[in-house]
Amino acid sequence: MFLSVFEIFKVGIGPSSSHTMGPMVAAARFLDHLRGLSFRVAGLRASLHGSLAFTGVGHATDRAVILGLAGFTPDAYDAERAEAMLAQIEAEGRVSVAGLGDLRFAPKTDLIFDYGPALPGHANGMRLMGLDAQGDVIAQETYYSIGGGFVVTEAELGREPVQSGPAIPYPFDAAAQMLDMARASGKSIAQMKRANELARMGPGTLDQGLMRLWQVMRDCIDRGLVTDGVLPGGLKVKRRAKAIREALEREAGLNLTAPHVINDWISTYAMAVNEENAAGGQVVTAPTNGAAGVVPATIRYWLDHVPGARESQVGEFLLTAAAIGGLVKHNASISGAECGCQAEVGSAAAMAAAGLAAVLGGTPEQVENAAEIALEHHLGMTCDPVKGLVQVPCIERNGLGAIKAVSAASLALRGDGTHFMPLDNCIEAMRQTGADMSEKYKETALGGLAVNVPNC
């Protein structure tokens, strides 16, 4: 199963890849479906189910669906135009869609939050409907947002995606297979991943795309490090990355920095990203929005604080990380609504640890070990966002995930790559743990920290 680096890492908008980006993508797919019908619809309706209903408002799912039905896409999102469009749709009760004309859609009545049982296929389910002039449903499709901005229809769910395009030279579906191929070929994980990508695109396209991913990540960190204020949503969570960055710079100038303060830098880089994500800014799924800060923070730590780091190696980092992320997604999940936050921040930490170990000169075995250490020590982590917002505990959790990634890479590089628990078994343990986890702890805001909040 081949997953491109540009499927694991996607440019999008906050606050959630599964609850914001996914529904927007689903809406775009539904519009394409309607364009292919032999008849025309007069109106639109949408219903949100499971986690999309319970935490949809906090994750801006309602806004995402409305804008998606109006033709917006995550990778070309214009915040100013979006706000104007939302106001216009609210006032007029219709959307104007290219190729479909004006369609009735009044968000207050045509966007339904269904708090009953989740749809059978996945916790993140939604139904999109086309209506005739009388308001009867004449076209319908069910979509599932399965994490990281990936969307499948009901028919596609559980079915192996059809692989199109030329065969790839290193088709590994498991970490053990990946290591066998690395030993046989003498190539690194990044080199094998690069060869697979080049089977489907030219080297210029690949390298430019990788650099764009890092540019968006870096810009997101930089914005978060200079922006303060209160995050939207009602929790009145203050942005902290800017103040922490300023304090760290002052301490460095006074020679007051203790060695452990490097952890504060790592956390601050991650928090800067996730504060931007919480505010609806542009981020890169890595592999999800809720975990978007871990990989960029680890890269920034490496570039700014590790002697000998070179920006020309960022592509190697991202390719290695994407290889690990693809294994996790293929064999378990990257969806918090499916397996809890172990599938989001845990997966991101494994990816970041692997990328860092690779650019620090690790062997494929050490890289696999780094990923396993990072994932193993996130097993069982719940997804329990307070008020359904990607803020508490999500922002700090990314900081700690990045710290764990750096520690895992360092620990793995102290060994020769041999270790007791293989990455494949750890991924399977994560899948089993997610299957056993109560729905209260899988992005529904019905348990954990989400129901234990201060009375103020």
(request) Run down Ser438, Ser410 and say which single residue is among the hydroxyl-bearing types (Ser, Thr, Tyr), assigned by TED's automatic domain parsing to the domain that holds Val314 and out of contact with any helix residue (DSSP H, G or I) (no Cβ under 9 Å at 6 or more places or on another chain). (result) Ser438
(request) Considering each of Ile299, Ile266 in turn, give the residue that is more than 29 Å from Ser145 (Cβ to Cβ), in contact (Cβ under 8 Å) with a residue 24 or more places away in the chain and in contact with a Gly (Cβ under 8 Å, 6 or more places away or on another chain). (result) Ile266
(request) Report yes if some residue within region 423-433 is in the same structural domain as Ala291 (by TED's automatic domain parsing), β-branched (Val, Ile, Thr), farther than 22 Å from Asp180 by Cβ and at pLDDT 95 or above; otherwise report no. (result) yes
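Surrounded by fewer than 24 Cβ atoms within 10 Å (Cβ to Cβ) and in a helix (DSSP H, G or I): which single residue out of Ile262, Ile324 fits that description?
Ile262
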(message) I'm trying to understand the selection: among the residues of region 77-95, which are surrounded by 12 or more Cβ atoms within 10 Å (Cβ to Cβ) and modelled with pLDDT of 95 or more?
(response) Met85, Leu86, Gln88, Ile89, Glu90, Glu92, Gly93, Arg94, Val95
(message) Can you say whether His33 is farther than 20 Å from Leu213 by Cα and surrounded by fewer than 19 Cβ atoms within 10 Å (Cβ to Cβ), as far as the supplied structure shows?
(response) yes
(request) Could you check, for region 56-70, whether at least one of its residues is outside the structural domain of His330 (by TED's automatic domain parsing), out of contact with any Pro (no Cβ under 6 Å at 6 or more places or on another chain), among the basic types (Lys, Arg) and outside any helix (DSSP H, G or I)? (result) no
(message) Suppose we keep only residues that are more than 23 Å from Val295 (Cα to Cα) and in a helix (DSSP H, G or I) within region 215-258. Which one would you say is nearest to the chain's Cα centre (by Cα)?
(response) Ala247
(request) Go through region 36-55 and count every residue that is part of a loop (DSSP other than H, G, I, E, B) and surrounded by fewer than 23 Cβ atoms within 10 Å (Cβ to Cβ). (result) 7
(request) Go through region 35-81 and give me each residue that's under 18 Å from Arg127 (Cα atoms) and charged (D, E, K, R). (result) Arg35, Arg45, Asp62, Arg63
(request) Looking for whichever is free of Cβ contacts under 8 Å to residues at least 12 places away in the same chain and farther than 19 Å from Phe54 by Cβ here; the options are Glu141, Glu80, Glu90. Which one fits? (result) Glu80
(request) Only residues that are among the polar types (S, T, N, Q) and either within 30 Å of Ala270 (Cβ to Cβ) or without any contact (Cβ under 8 Å) to a residue 12 or more places away in the chain (or both): list them for region 165-219, please. (result) Gln177, Ser188, Gln191, Asn196, Thr205, Gln208, Gln215
(request) Tell me which residues, restricted to region 94-124, are of a type in the set (Gly, Ala, Ser) and over 21 Å from Asp32 (Cα atoms). (result) Gly116, Ala118, Gly121, Ala123
(message) Given the criteria at pLDDT below 95, within 24 Å of Gly50 (Cβ to Cβ) and out of contact with any Cys (no Cβ under 8 Å at 6 or more places or on another chain), does Pro74 qualify?
(response) yes
(request) Return the residue satisfying two criteria in turn: it lies in region 9-40 and is in contact with a helix residue (DSSP H, G or I) (Cβ under 6 Å, 6 or more places away or on another chain) and among the β-branched types (Val, Ile, Thr), and of such residues it is farthest from Gly293 (Cα to Cα). (result) Thr20
(message) I'd like the full set of residues that are aromatic (Phe, Trp, Tyr) and either over 29 Å from Ala354 (Cβ atoms) or assigned by TED's automatic domain parsing to the domain that holds Glu443 (or both), limited to region 128-149.
(response) Tyr143
(request) Evaluate region 370-383: report whether one residue or more is hydroxyl-bearing (Ser, Thr, Tyr), over 30 Å from Lys187 (Cα atoms), assigned by TED's automatic domain parsing to the domain that holds Ala321 and crowded, with 18+ Cβ neighbours inside 10 Å. (result) yes
(request) Scan region 11-22 for residues that are more than 8 Å from the chain's Cα centre (by Cα) and not in a helix (DSSP H, G or I) and jot them down. (result) Val11, Gly12, Ile13, Gly14, Pro15
(message) I'd like the full set of residues that are in a helix (DSSP H, G or I) and of a type in the set (S, T, N, Q), limited to region 75-111.
(response) Gln88, Thr109
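The values are calculated or read from the model by the stated rules, or taken from the named source; none is laboratory data. What you see is a predicted model, and the numbers here were worked out from it, not measured in a lab. All Cβ positions, even for glycine, are placed from backbone atoms using ideal geometry, and neighbour counts span all protein chains on display.
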